Amino acid sequence: MQFEQAFNAWKPALAQLSSNEVKTPSIPIDEMCAEAETLSVVCHKDKTELLAAGLNWQYVDDLKSLSLALRFCQAHWLNASGRTKEAAKWQELKKEAFELKKELLRHFNYAFYHHPSIKKKLITIGRHRDINNLILDLLLLANLADNNADVLQNINYNTEQTTQARTLSRQVSEQYASAKLNKGAKVESKLWRDRAYTLLSHRMSEVRTCGQYISHNNDKKYQQYVSNYYRKLNAVDRSIKSP
């Protein structure tokens, strides 16, 4: 079964989980999925004993497909988490736009030092810190430059910065809209990832509990029904705590 097909097959069941049930992963997703797939193989060797002990075999059948669904959700979450070149470009664009605004304010505060009405506008613009205001502020500063070209000539103002302000205002506006969509996608993909993790975790817990029960007198077999990740983690903790 392909990853996306697995997710689509599980999507209705994942959607039915209440928010109170959903857990955040406490184990790396790759390790979780690898353990689920290994657990499935182990269970098939002990199928007769597990069934005799009352295990719902559907839980075993669910392990591989749920693992694929979880891998699919994790990949989508990572892709939407800002770990992309587009996110880096967005941060760079914001930085460039804020720096240009700061530079324009420096020029204009000096050029319009004796123009109280304009100075008042500049003070207001200077107090703005968010993206929505940045988009509008760059346009206001560009218009201010066009409408007072004679004053700015006295300080040898570079008019290319006016063009740059309008260009950046448009680019920031477009990228901001895209960034908000990506943020929504990030939140949604995380919710699906956590739901898939929660359901797989439940299946694995049920299967392991039964597996540990039937192998109580066989340590080698018992260890096959214990998380290798947590066993190593506990071993590290004990070594740190020991004198």
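What distance in nm separates the two pseudo spin-label positions at residue 8 and residue 51, each 7 Å out from Cα along the beta-carbon direction?
Calculated label separation equals 3.2 nm.
For region 110-154, what does the alpha-carbon gyration tensor say about shape, rounded, prolate or oblate, given a ≥ b ≥ c as the root eigenvalues, a/c under 1.5 as rounded, and a/b over b/c as prolate?
oblate
Where in region 15-30 does the amide nitrogen come within less than 20 Å of the point 7 Å from the Cα of residue 187, taken along Cα to Cβ?
15-25
Which of rounded, prolate or oblate describes region 85-185 when judged by the alpha-carbon gyration tensor and an a/c cut-off of 1.5?
Here region 85-185 falls in the prolate category.
What do you get for chymotrypsin sites (Phe, Trp or Tyr not before Pro) in region 97-171 restricted to DSSP loop and a cutoff of at most 14 other Cβ within 10 Å of the site's Cβ?
When the chymotrypsin sites (Phe, Trp or Tyr not before Pro) of region 97-171 are filtered for loop state and at most 14 Cβ neighbours within 10 Å, 113 remain.
Which Cα, out of 56, 43, 156, lies furthest along the positive dipole direction of the chain (beta carbon charges, K/R +1, D/E -1)?
156
Work out the length of the dipole vector of the chain about its Cα centre, built from +1 on the beta-carbon of each Lys and Arg and -1 on the beta-carbon of each Asp and Glu, and round it to the nearest 20 debye.
540 debye
For the pair residue 34 and residue 121, how long in nm is the line joining their label points, each one 7 Å along Cα→Cβ?
6.2 nm
Computed FRET efficiency, Cβ-Cβ of residue 220 and residue 78, R0 30 Å: what is it to the nearest 0.05?
The formula returns an efficiency of 0.25 here.
Given only helices, namely DSSP H runs of n ≥ 4 each adding -39500 (n - 2.57), what is the per-residue ellipticity at 222 nm of the chain, to the nearest 500 deg cm²/dmol?
-27000 deg cm²/dmol
Since every read-out is calculated from the coordinates, none of them should be taken as a lab result. All values derive from a computational prediction rather than experimental measurement. So basically every Cβ, Gly included, is an ideal-geometry build from the backbone, and we count neighbours across all protein chains shown.
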